[in-house]
Amino acid sequence: MCGRFVSARKRQELLAEFAVERDRTPQDKSADYNVAPTKQIYAVMDRTEPGDTEKPDRELRLVKWGLVPFWAKDPSGGARMINARAETVATKPAYRAAFAKRRCIIPADGYYEWRTEGKIKQPFYIHPADDGVMAFAGIYELWRPKDSEDDFLWTASIITTDATDDLGRIHDRMPMLVTPDQWADWLDPGNSDTKHLIATMLPAVPDAAGGLTSYPVSTAVNSVRNNGPDLIEPVAAGG
């Protein structure tokens, strides 16, 4: 799974990186080195209306991490729906409507996973070897109570898959990524080619140029109360 990640880039960097036309964020979000479920996270999406012949309307928004299906009676289950499995995201009732037309990219600098070593659950920081941005494949939803005129609650999940061999020694699941050449197809709400969309999502290759690298970090990251760049500093295993 992906249960914690790092989001330290400034909003302006993300607007440029993803060629965003509309900035829907109210203000800069502070750098977060310990993003946990239910927190506000950045999401890139295409809100082009069906049938619109104009260029894609790509925008950046803040959404709550933990998807709430549009048909849910209340939002309480969102905290348990932070990840959607790539194997079932197109068919599982909680996710299939969002996968069909509400796909997004969730930018990240890296993410954490834990491996049990003796009596210690050792956290590892996993990130691009070239320090580039990670574009997690995600889905988002809009929810509000039935017959309500309140503002919509925007929520999202990160899509995960089986980890590659090298990362599998840390955890058996990892986020799916979308490469820049596939961003437009992935975000296009009019794209209904399920087979192509699934093929668009790729696990990063740890040893390739621009792939992922990992190292142990302090167990301080275990507490959501801790934050700051010191959390991603390498330590000796067991530290």
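The values are calculated or read from the model by the stated rules, or taken from the named source; none is laboratory data. Note that the coordinates shown come from a computational prediction; the quantities given were computed from them, not determined experimentally. Counting neighbours? That spans all protein chains shown, and the Cβs are built from the backbone with ideal geometry, glycine included.
Only one of the numbered conditions (1) touching a Gly at 6+ places or on another chain (Cβ under 9 Å); (2) in contact (Cβ under 8 Å) with a residue 40 or more places away in the chain is not met by ARG4, and that is (1). Does ILE159 meet the test of being within 21 Å of ALA94 (Cα to Cα), β-branched (Val, Ile, Thr), touching a Ser or Thr at 6+ places or on another chain (Cβ under 8 Å) and crowded, with 18+ Cβ neighbours inside 10 Å? When the stated conditions are applied, ILE159 does not pass them. Residues that are of a type in the set (D, E, K, R), touching a Pro at 6+ places or on another chain (Cβ under 9 Å) and closer than 19 Å to ASP162 by Cβ: does the stretch 115-137 have at least one? So far as the stretch 115-137 goes, yes, one or more of its residues are of a type in the set (D, E, K, R), touching a Pro at 6+ places or on another chain (Cβ under 9 Å) and closer than 19 Å to ASP162 by Cβ.
Residue count for the stretch 90-131, restricted to those that are touching a helix residue (DSSP H, G or I) at 6+ places or on another chain (Cβ under 9 Å), of a type in the set (Gly, Ala, Ser) and not in a strand (DSSP E or B): 3. When the stretch 155-176 is filtered for residues that are at pLDDT below 95 and either assigned to a strand (DSSP E or B) or of a type in the set (Asp, Glu) (or both), the ones remaining, listed by number, are THR160, THR161, ASP162, ASP165, ASP166, ASP172, ARG173, MET174, PRO175.
Can you find a residue in the stretch 177-186 that is without any contact (Cβ under 8 Å) to a residue 12 or more places away in the chain and surrounded by fewer than 16 Cβ atoms within 10 Å (Cβ to Cβ)? First the steps, then the outcome.
Step one: of the stretch 177-186, the residues without any contact (Cβ under 8 Å) to a residue 12 or more places away in the chain are 181.
Narrowing further to those that are surrounded by fewer than 16 Cβ atoms within 10 Å (Cβ to Cβ): 181.
There is at least one residue in the stretch 177-186 that is without any contact (Cβ under 8 Å) to a residue 12 or more places away in the chain and surrounded by fewer than 16 Cβ atoms within 10 Å (Cβ to Cβ).
Tell me whether the stretch 188-210 contains one or more residues that are among the β-branched types (Val, Ile, Thr), modelled with pLDDT under 95 and part of a strand (DSSP E or B). Looking through the stretch 188-210, none of the residues is among the β-branched types (Val, Ile, Thr), modelled with pLDDT under 95 and part of a strand (DSSP E or B). For residues in the stretch 115-154 being farther than 25 Å from ARG61 by Cβ and of a type in the set (Ser, Thr, Tyr), which is modelled with the lowest pLDDT? Within the stretch 115-154, the match that is modelled with the lowest pLDDT is THR116.
Just one of (1) touching a strand residue (DSSP E or B) at 6+ places or on another chain (Cβ under 8 Å); (2) surrounded by 13 or more Cβ atoms within 10 Å (Cβ to Cβ); (3) not hydroxyl-bearing (Ser, Thr, Tyr) fails for LYS121. It is (2).
Flag not set for ALA86, criterion: surrounded by 17 or more Cβ atoms within 10 Å (Cβ to Cβ), within 15 Å of LEU142 (Cβ to Cβ) and touching a strand residue (DSSP E or B) at 6+ places or on another chain (Cβ under 9 Å). Among the conditions (1) farther than 23 Å from VAL235 by Cβ; (2) part of a strand (DSSP E or B), ASP151 misses just one, which is (2).
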